[in-house]
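The structure appears right after this line, and notes come after that.
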Amino acid sequence: MDGNGRWAKRRHLPRAIGHQRGVEAVRRLVREVGAMGLDCLTLYAFSSENWKRPEDEIDHLMGLLRKFIISDLPEFIANDVRLKIVGDYKALAPDIVAMLEDALAQTAKGSRILAVALNYGSHQEIARAAALAAQEGEVTEASIARHLYTADLPPLDLLIRTSGEVRLSNFLLWQAAYAEMIFTDVLWPDYTPAHLNEALAQFAERERRYGGR
C-alpha cells in the first residue's frame, strides 16, 4: 500500500495526513471485498524495515493502528471478518499487542480473512520458518511452508503494488513464487474498490501454468 507520503507531498500536506487518508482507503476496500467474492485480503501495513523511519512518523503510524483497531473491530465482527496478523507483532508496544490479541480472539470465527502484515519482512519469515523446521528434523519445502506466518491462509494468487514501485520489497517472497502481479501508478490513498475490481478482471484473463505448458 505505497504512496501515502507522495500523495501528501503533491498536495503540500504533512505526511501524517497521507497516512490518515491511507487508512481511509483501507476501510473503503475492506467494506467491499465480500461483495467481490474474495476469501482473503492481505495488506502490508508496517514492514520490519519501517523502523528506520523518523520516530515521530512511527509514533503516528502506531497511533493510527490503535485507532483503527478500536473503531473498526465492531464492523469486522458484524461482517464476519476474521483478523489475521502476519509478522512479529508481539514486538510492538504492549498495549498494541493486547489490543491485537483481543481483536484476534473476538474475530476468530469469521469466515472471511483480513490479514495485516505488521512488523513483517519476508527474509526474516523464511529464516524463522527454516529454523523451526530444522528443530523438527529435515528441512524441506513442505516443512518450511508449515512454519510460515501464512501457513493457515489460502495460497497467494494476486499481488498488487501501488504508487508506481515495481519491486516486491521483502513482501511474501516465498508465497509469491507463482502469484500473478499487478503494478499500478495509483497512490494508495486514491486506490478504490473500482481499482481492485479492475485488477481482478486482469487476473481473470491471465493463464496460470505453474511452470507447465
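Worth pointing out:
- Qualifying positions in the stretch 140-195 - β-branched (Val, Ile, Thr) and either modelled with pLDDT under 95 or surrounded by fewer than 15 Cβ atoms within 10 Å (Cβ to Cβ) (or both): Thr140, Val166, Thr192
- Residue check, Ile70 crowded, with 16+ Cβ neighbours inside 10 Å, of a type in the set (Val, Ile, Thr) and out of contact with any strand residue (DSSP E or B) (no Cβ under 7 Å at 6 or more places or on another chain): no
- Flag not set for Lys90, criterion: basic (Lys, Arg), within 13 Å of Ala45 (Cα to Cα) and under 19 Å from the mean Cα position of the chain (by Cα).
- Matching option when the condition is in contact (Cβ under 8 Å) with a residue 12 or more places away in the chain, among the basic types (Lys, Arg) and surrounded by fewer than 15 Cβ atoms within 10 Å (Cβ to Cβ), among Lys90, Lys109: Lys109
- Applying the criterion of being out of contact with any Phe, Trp or Tyr (no Cβ under 9 Å at 6 or more places or on another chain) and of a type in the set (A, V, I, L, M) to the residues of the stretch 62-78, the residue that is nearest to Gly22 (Cα to Cα) is Leu64.
- Elements of type strands (runs of 3 or more DSSP E) contained in the stretch 103-213, each with 3 or more residues being more than 21 Å from Val81 (Cα to Cα): 180-183
The values are calculated or read from the model by the stated rules, or taken from the named source; none is laboratory data. Quantities reported herein were computed from a predicted structural model and do not represent experimental measurements. Neighbour counts are summed over all protein chains in view; Cβ atoms, including those assigned to glycine, are modelled from backbone coordinates with ideal geometry.
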